[in-house]
Structures are given as C-alpha cells and as structure tokens.
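The values are calculated or read from the model by the stated rules, or taken from the named source; none is laboratory data. Being a predicted model, the structure only gives us computed values, none of them experimental. Please note: Cβ atoms are built from the backbone with ideal geometry, for glycine as well, and neighbour counts cover all protein chains shown. Ligands, DNA and RNA are excluded from the accessible area calculation, which covers all protein heavy atoms including side chains. Shrake-Rupley method; radii C 1.70, N 1.55, O 1.52, S 1.80 Å.
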Amino acid sequence: MSLNATKEVEALQRVMDELHKVYKSKVLPLEEYYNFDNFDLPPMSDKDFNIKPTIFLIGEYSTGKTTFIKYLLSRGYPGMKVSPEPSTDTFCTISYGENDKLLPGHALISDPAKDYRTLGKFGNNLLDELQCIEIPSPVVENLTIIDSPGILSDMTNVKRGYDFPRVIDWFAEHADRVILLFDAHKLEVGDEMRAILNLLNKNIHKVRIVLNKSDLIDYQQLFRVYGALMYYLGKIIPSRFVPRVYIGTFWDEPFNRLTTEESRQLLEAEKQDLLEDLRNLPRDLAMEKLDYVIKRSRLVRCHAHLIAYLKKEMPSIFRKQARKENLIFNLNDIYFHVEEEYNLPRGDFPPIEVFQDYLRTADFSKFQTLKPKLIEIVDRMLLCEIPVLKDMALQASSLTPAIRGGAFGLGMEGPFSTLALSGVDVGSNSPFWAVRYDKPKYDKIFDSLNPIEGRISSDDAKNEMMKSKLPNSVLGKIWVLSDHDGDNLLDDEEFALALYLIKLKLEGCDLPTELPRHLIPPSQLGLDCAEGKIKYAIGLVTAILMGLNFAFFGRSGPLREEEYVKRGGFHY
C-alpha cells in the first residue's frame with residue numbers, strides 16, 4: 001500500500017474511531033438504561049464501525065447471486081457453484097486474504113477479528129451453514145461481500161432449522177448495502193420473500209433492487225416484468241418511494257434477446273449506475289455511519305421519554321394490567337403529550353402500531369423513570385460534537401479511494417470506456433475534433449445560408465437553430481458555447497458545433513457549462529491538438545505561397561487568392 005493510500009485509510013479510521021467513542025460514551029448509556037435493544041435494535045458493535053463496507057446479497061434461488069459476485073470479482077472463489085438448480089445453501093462471507101482459504105462457521109464466530117460472535121445465538125444449525133472465504137482479490141481489500149441462501153417461494157415442506165428471517169435481518173442491519181435480486185425471466189414474490197421485505201423496511205435506505213437476467217426476454221416483455229415488479233414492491237414496502245430498480249445482466253456472456261443498440265445502451269447504463277453506487281461505498285461510509293448514529297440517537301431519545309412517561313402513569317399497586325391496556329390503547333394521545341412537553345419532532349417517534357406490539361409483551365414494572373442527565377448528554381452531543389465529526393467525515397470522504405479491481409476497474413479507459421458512452425463525453429479520448437464525422441452534412445446547411453467571407457450572421461444562425469424547437473434559454477446557451485471566438489458570427493466549424501450540440505440536447509444529453517477541449521473548433525485550438533497542427537501547417541504554407549505569388553506576379557498572377565482560400569478551406 002502506498003504512503004498516500006495509507007494516509008487516506010488513516011483519515012477514515014480516525015473518523016470512525018471518534019464516532020465509535022462518541023456513541024459508546026454518550027448514546028449507549030441511554031440505550032442500556034431504557035433497554036432500547038429490547039424494543040428495536042441491538043447496540044452497535046465494533047464491526048459497525050469497521051472502515052470496510054459490506055455488501056449483502058438476497059434473492060430467491062437461481063436469481064444469479066453467485067454469478068453477480070463472480071462478476072464483481074472477475075474471478076471465481078472456493079466453494080462457488082453456479083447451476084440452474086438451487087446451488088447456494090449457505091451464508092458465505094467473502095473477504096481479503098493472501099491465499100484462497102475457507103473458514104467454517106464454528107471457527108468463524110470464534111475469530112475475534114471477524115466479529116461474527118453474536119451469530120452464535122441462532123444455534124448450531126446456522127453455524128453449519130455459515131462459512132468465510134478469503135481470496136487475494138483487490139475488490140475485497142476494501143469491501144466484504146456476503147452471499148445468502150436462496151429465498152424459497154414455497155415454505156410448506158421446508159424446515160431450515162434456524163430462524164431464517166431473523167438471520168437475514170441481522171446481516172441486513174450490519175451491512176452497508178443490501179442487493180435484492182429478482183429474475184426477469186421468472187419473476188416470483190413468495191411468502192418468504194414478503195416476510196423478508198417486511199423486515200427490510202427499517203433498512204430500506206440501504207436496499208438496491210436488481211432485475212437480473214434482463215437480456216433473456218425481449219424489450220416489450222422486459223417493461224411488463226418491470227411494471228409487475230414495481231406493483232408488487234409498492235404493495236409490500238410501506239414507503240412513499242420504492243427503492244430504485246436496476247435493470248441489468250451481471251455476467252460476461254453475450255446479450256441474448258436484447259440485441260438492439262438501444263437496449264444494449266440501457267443495460268450498460270443501468271449496470272454502470274449500480275457499480276458506481278457500490279464503487280463509492282468507502283467514500284460514503286463515514287457520512288452514512290454519522291447519519292445513522294444521529295438517527296439512532298434521536299430514536300433513543302424519544303424512546304426514553306416514552307418509557308419514562310409510561311412508568312410515571314402506571315399505578316403502584318392495584319389495577320396494573322387494566323392501566324397498561326388503557327395506556328396502550330391511548331398511545332396516540334401519549335405521543336401528542338410527550339411531543340408537546342419535550343418539544344420533540346413527531347418524525348422521531350416509532351410507528352404507533354410497532355410500539356403498541358412491543359408494549360403488549362413488555363414488563364412495565366422494569367421501565368425506568370426519566371433521567372434528564374443522560375438525555376442532556378445526548379442533546380449536547382447532537383448540538384456540539386456531531387458538527388465537528390461531520391466536518392471530519394467530509395474531509396475523510398474526499399480523501400478515501402473508491403473500490404478498484406474486478407468489475408470496478410474494467411472499462412474505465414479505452415474505446416469501450418463506460419464513462420464516455422454518450423453525450424458531450426463522446427470523443428474525449430480522441431485527439432481529433434468530436435464533430436468531424438457530422439460536419440459534412442452541417443456544411444451543406446451552412447453553404448445554403450449564403451455565408452459572407454466564410455461566416456453567417458447571428459440572425460441567419462438563429463433562424464436555423466430555432467427549427468429545433470428548443471427553448472430560447474437552451475439555444476442561448478448553445479450560442480454562447482458555439483460562438484467560441486465571441487465575434488457574434490459563426491464560421492463553418494462554429495455552426496457545425498452549434499448543430500452538434502442541438503443534436504445532443506434533443507437526444508436528452510446535458511450541455512456542458514464550458515466547452516470541453518475535444519469540442520473546441522480546431523482552427524481556434526491552434527497547436528493544442530493533432531487536427532489543429534495540421535490546419536495550422538496548411539494555413540502557414542498557404543500564406544507563404546500567397547506572399548510569394550503576390551511578390552512575383554501581383555494580384556493578376558496565375559493563382560488568385562480565391563483559389564488559395566479554397567485550397568486552404570479545410571473541408572472535411
């Protein structure tokens with residue numbers, strides 16, 4: 001690891017250590033005093049402040065989870081099995097190691113460096129289906145990938161031997177991204193999947209949904225399947241916004257049914273959007289952890305006030321059960337009272353139905369009275385220490401490198417660059433002018449406008465540009481970009497550039513704020529590009545010959561100036 005890379009990792013580690021320290025000293029005491037883990041979430045562990053983000057894959061059997069991992073790594077790994085029938089029946093964590101190595105579940109939870117000890121509470125049946133694989137891949141140097149057994153569409157005759165939904169919930173809670181895969185070729189949302197989606201609601205901000213194997217059906221079927229999936233998700237996920245669904249095919253095989261250029265660009269663009277989100281996970285990690293600690297602190301503060309209020313309202317001796325049922329029934333009024341008395345945002349309160357379910361089985365006699373000092377510590381942390389940590393996290397995020405290697409390091413350069421597939425970036429890797437291929441057809445339009453001395457007026461250009469029916473604000477921006485020399489006239493190159501930018505805008509591409517180098521007209525670029533050098537050399541030779549011709553023959557010589565201009569007109 002280079003010195004710069006070491007400093008970048010140290011900057012991120014400092015932020016995570018400070019955040020961990022603040023959580024343990026300020027928030028955790030309040031959680032423990034009011035038994036917050038009994039209601040909602042277990043305390044954050046050392047693993048939650050790890051600087052290596054975790055990706056957790058969920059999906060029904062044969063949705064392509066293992067193939068997805070192979071695509072990210074650009075290699076296989078020990079124990080990997082890809083087949084049409086159900087193949088993955090274990091929870092498999094993939095991390096970095098000097099050599100390929102497989103660690104079984106019982107040994108894994110005994111390793112303090114891995115911090116999976118709490119999985120032991122789910123019993124031996126889970127540990128028999130848990131393993132850790134170490135491989136020397138650059139992808140997992142800064143990332144941990146976890147695969148899961150396939151979700152079953154029919155649970156009638158299947159016994160897993162452990163609480164599968166709760167285990168999924170545990171991994172989702174400790175992951176930084178949850179990739180939920182569906183098979184476009186055979187879309188199913190069974191009972192077990194519905195149960196998993198309900199558990200994922202509290203971590204819905206981490207979820208990214210992938211409609212995998214999208215090239216196995218044609219374009220019309222794809223959009224029907226996409227619509228059906230969005231319909232199912234909208235019914236199951238109780239949120240105003242369903243997470244984005246990425247349409248893609250994550251393997252190295254040729255496209256099957258979707259063979260048109262338009263469909264290919266769609267799949268490539270969707271794939272790169274997802275990879276970009278995963279690639280920047282280390283950079284986003286500090287801010288996301290900080291945001292989560294803030295959110296958790298506010299939830300715990302509300303939880304403490306609610307528990308203390310319920311404790312105060314309970315009788316000392318008689319009619320405890322009746323009073324408990326009355327308080328649960330009138331929980332909405334209690335929310336309103338606590339909100340008004342302590343000036344708490346209603347959005348920080350847990351859903352009433354969820355809190356009522358918790359209270360029905362809770363022992364009110366073990367509730368604690370209000371302890372203002374603990375709450376003041378959390379309030380002071382949110383007011384004073386969090387802003388400092390935010391500045392540290394922003395600085396660390398700007399220094400932290402993105403994930404490299406495997407699928408994250410492919411296609412970043414060269415003619416198949418995923419960063420220059422469309423828009424103004426087309427041609428950015430070439431030394432030649434990006435408009436050169438379209439210029440001949442634009443020259444015909446330019447000549448029809450009767451240019452004077454090789455230029456057309458702003459009025460003539462305006463009339464032609466208005467045919468695009470773009471708004472004046474957009475055409476005005478295109479004019480500023482195209483009139484590169486600022487003379488309020490357009491020569492043939494500037495006119496071609498204007499029509500080229502109009503074409504990009506009509507295709508839905510964004511315009512640049514300033515003209516990139518590969519779009520600057522070659523005659524105005526001088527010696528800075530290959531085409532400019534050629535034009536400059538031809539122009540220089542032309543000028544010398546014209547000077548010699550004038551010196552020897554005068555203006556009536558055998559070669560008139562118009563012929564030199566024509567020869568030096570640089571028609572493409």
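Per residue, how much space in cubic angstrom lies within the convex hull of the C-alpha atoms of region 18-118?
Hull volume over Cα atoms, normalised by residue count, gives 148 Å³.
Express in whole angstrom the spacing between the alpha-carbon centres of region 325-379 and region 168-229.
34
For region 205-246, which whole percent of the accessible surface, found with a 1.4 angstrom probe, sits on carbon and sulfur atoms?
Carbon and sulfur: 56 percent of the exposed surface of region 205-246.
Under the Karplus relation 6.51 cos²θ - 1.76 cosθ + 1.60, θ = phi - 60°, what is the ordered set of whole-Hz ³J(HN,Hα) values for region 490-505, x standing for Gly and Pro?
Those phi angles translate into 10, 8, 5, 5, 5, 5, 4, 4, 4, 5, 5, 5, 4, 4, 4, 5 Hz.
List the residues whose amide H sits under 5 Å from the amide H of V242, counting only those 5 or more places along or on another chain, with H placed 1.01 Å from N in the peptide plane.
Those qualifying (amide H under 5 Å, at least 5 residues apart or on another chain) number zero.
Under the Karplus relation 6.51 cos²θ - 1.76 cosθ + 1.60, θ = phi - 60°, what is the ordered set of whole-Hz ³J(HN,Hα) values for region 298-304, x standing for Gly and Pro?
Couplings: 5, 5, 5, 4, 5, 4, 4 Hz.
List the residues whose amide H sits under 5 Å from the amide H of V207, counting only those 5 or more places along or on another chain, with H placed 1.01 Å from N in the peptide plane.
Excluding prolines and chain starts, which carry no amide H, the hits are V178.
For the pair E514/R194, report the inter-label distance in nm, with labels modelled 7 Å from Cα in the Cβ direction.
In this crude spin-label approximation the distance works out to 5.8 nm.
If amide H atoms are built 1.01 Å from N in the plane of the peptide, which residues on other chains or at least 5 residues away come under 5 Å of the amide H of Y116?
Long-range HN contacts for Y116: none found.
Residue by residue, what Karplus-based ³J(HN,Hα) values in Hz, rounded to whole numbers, does region 59-66 have, using 6.51, -1.76 and 1.60 with θ = phi - 60° and x for Gly and Pro?
So the J values, rounded to whole Hz, are x, 6, 4, 6, 8, x, 5, 5.
Please give me the summed charge of the neighbours of L511: other residues whose Cβ is under 15 Å from its Cβ, Lys and Arg +1, Asp and Glu -1.
Net of charged neighbours comes to -2.
Past 26 Å, Cα to Cα: identify those pairs from K24/K114; K70/K114; K235/K289; K47/K81; K441/K467; K24/K52, in the order given.
Beyond 26 Å: K235/K289; K47/K81.
Using label points projected 7 Å from each Cα along Cα→Cβ, tell me how many nm separate Q356 and S110, to one decimal.
Reported label-point gap for Q356 and S110 is 4.9 nm.
How much length is gained on full extension from K371 to K312, taking 0.36 nm per residue of separation minus their Cα-Cα distance?
Working: separation 59, 0.36 × 59 = 21.24 nm, distance 1.24 nm.
The K371-K312 span can extend by a further 20.0 nm.
Stretch R346-N332 to full length: gain in nm at 0.36 nm per residue minus the Cα-Cα span?
Computed gain between R346 and N332 is 3.9 nm.
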